[in-house]
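The values are calculated or read from the model by the stated rules, or taken from the named source; none is laboratory data. Bear in mind the structure is a predicted one, so any value in this text is a computation, not a measurement. Note that each Cβ is placed from the backbone with ideal geometry, even for glycine, and that neighbours are counted across all protein chains shown.
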Amino acid sequence: MSILDRFRLDGKVALVTGGSRGLGLQIAQGLGEAGAAVAFTARREEGLREAAQRLREQGIRCLAVRCDVTDYDQVVAAVQRVVEELGGLDILVNNAGATWGARFDEIPLEAWDKVIRTNLHGTFYMSREAAKVMIRQGRGGRIINIASIAGLRGSDPRVMQTLPYNTAKAGVINFTRDLAVKLAEHGITVNCIAPGFFPTKMTRGILQQFGEVIRQHVPLGRLGGERDLQGAALLFASEAGAYITGQVLAVDGGMTAW
Ligand code: NDP
């Protein structure tokens, strides 16, 4: 098999959480272009419908599944539906996430819970159910967690007051390492992408206020673009990345390099 063939995902089934817009949709599109059938989840029907239409227009076989990743029963049902309708599950991308901006002493307790539950509980619930399927199938698998460079360090308080988010994403990073060790015997790799700043609904507010300051802190001189996460996701998802597990890759234009 040539190296380019090792990046192809023909015959594979991928599930991307929070795939109705933003980075999840970008990743779903990348995996679909590489040949995978792609299921994706979100809570809102409208977003699911629009994303499904967009992927189908690009010739990608896809399945939209309504699912709140913080609800374990919904996660179990979603994974079951993907397996039934697409015939299995080979790649899970834990992308659904949420944040909250407030000074540490003013964060509503419910907001702390929501951020931790979405980023961390959701990632655990989905990984648990998907890994069970992958182990049962007996042909290995791939889990890719979307953390953030905010999970690697503290953020400048003048720009980001997001203590629960930084905390949850740091949790996602070490969850990745430990799960990778635990699932290695089944041929399932677990890796993590830590994006820098990409313009999406989540970052709209912060980029409106601080976009220029942030850009000046990116060595490559620009924010992340519509295809910038796809390469890292495809490496971790494909045969080309078969010997990589438990790793965290920042896709941030070099922000964490200085
Ligand atoms: P968006 O807010 O644009 O998209 C979030 C997606 O997740 C939507 O599809 C949303 O759909 C879904 N979602 C939110 N909560 C839940 C839930 N409880 N259950 C299921 N789906 C949910 O965010 P981004 O695309 O910017 O972010 C995607 C991931 O990338 C997140 O984990 C984020 O933390 C991370 N990230 C983003 C960065 C950026 O610069 N944009 C930088 C670093 C990391 P719906 O609301 O319908 O449920």
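When you scan the stretch 163-181, do you find a residue that is acidic (Asp, Glu) and in a loop (DSSP other than H, G, I, E, B), even just one?
no
Out of Val133, Val181, I need the residue that is more than 12 Å from the ligand (Cβ to nearest atom) and surrounded by 15 or more Cβ atoms within 10 Å (Cβ to Cβ). Which one?
Val133
What are the residues in the stretch 1-24 that are part of a helix (DSSP H, G or I) and crowded, with 24+ Cβ neighbours inside 10 Å, if any?
Leu23, Gly24
Quick check, is Thr167 within 27 Å of Thr70 (Cα to Cα) and surrounded by fewer than 20 Cβ atoms within 10 Å (Cβ to Cβ)?
In short, yes.
For Gly241, indicate whether it is at positive phi and touching a helix residue (DSSP H, G or I) at 6+ places or on another chain (Cβ under 8 Å).
Spelling it out, it is not the case that Gly241 is at positive phi and touching a helix residue (DSSP H, G or I) at 6+ places or on another chain (Cβ under 8 Å).
Which condition does Gln74 not pass, out of (1) surrounded by fewer than 16 Cβ atoms within 10 Å (Cβ to Cβ); (2) free of Cβ contacts under 8 Å to residues at least 12 places away in the same chain, if it passes all the others?
Going through (1) surrounded by fewer than 16 Cβ atoms within 10 Å (Cβ to Cβ); (2) free of Cβ contacts under 8 Å to residues at least 12 places away in the same chain one by one, Gln74 breaks only (1).
Every residue in the stretch 136-162 that is hydrophobic (A, V, I, L, M, F, W, C), away from the ligand (no atom under 11 Å from the Cβ) and either under 20 Å from Gln230 (Cα atoms) or modelled with pLDDT of 95 or more (or both), please.
Ile143, Ile144
Name every residue in the stretch 1-38 that is within 13 Å of the ligand (Cβ to nearest atom) and either touching a strand residue (DSSP E or B) at 6+ places or on another chain (Cβ under 7 Å) or hydrophobic (A, V, I, L, M, F, W, C) (or both), in order of residue number.
Leu15, Val16, Thr17, Gly18, Gly19, Ser20, Leu23, Gly24, Leu25, Ile27, Ala28
Could you grab me the full set of residues in the stretch 26-68 that are closer than 13 Å to Ala14 by Cα and of a type outside the set (A, V, I, L, M)?
Gln29, Gly30, Gly32, Glu33, Gly35, Phe40, Thr41, Arg61, Cys62
Each row is one residue, and each column tells you yes or no for (1) buried (at least 16 other Cβ atoms within 10 Å of the Cβ); (2) in contact with a helix residue (DSSP H, G or I) (Cβ under 7 Å, 6 or more places away or on another chain); (3) assigned to a strand (DSSP E or B).
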| position | (1), (2), (3) |
| --- | --- |
| Asn191 | yes, yes, yes |
| Phe197 | yes, yes, no |
| Lys201 | no, yes, no |
| Val218 | yes, yes, no |
| Arg222 | no, yes, no |
| Gly225 | no, no, no |
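Among the residues in the stretch 136-144, are any in contact with a Lys or Arg (Cβ under 9 Å, 6 or more places away or on another chain), in contact (Cβ under 8 Å) with a residue 40 or more places away in the chain and outside any helix (DSSP H, G or I)?
Within the stretch 136-144 (the criterion being in contact with a Lys or Arg (Cβ under 9 Å, 6 or more places away or on another chain), in contact (Cβ under 8 Å) with a residue 40 or more places away in the chain and outside any helix (DSSP H, G or I)), the answer is yes, since at least one residue qualifies.
Do we have any residue at all in the stretch 99-113 that's free of Cβ contacts under 8 Å to residues at least 60 places away in the same chain, out of contact with any strand residue (DSSP E or B) (no Cβ under 8 Å at 6 or more places or on another chain) and within 13 Å of the ligand (Cβ to nearest atom)?
Yes - at least one qualifying residue is present in the stretch 99-113.
Please verify whether Leu55 is more than 10 Å from the ligand (Cβ to nearest atom), crowded, with 16+ Cβ neighbours inside 10 Å and farther than 26 Å from Gly140 by Cα, treating the condition exactly as stated.
Considered against the rule, which asks whether it is more than 10 Å from the ligand (Cβ to nearest atom), crowded, with 16+ Cβ neighbours inside 10 Å and farther than 26 Å from Gly140 by Cα, Leu55 comes out as yes.
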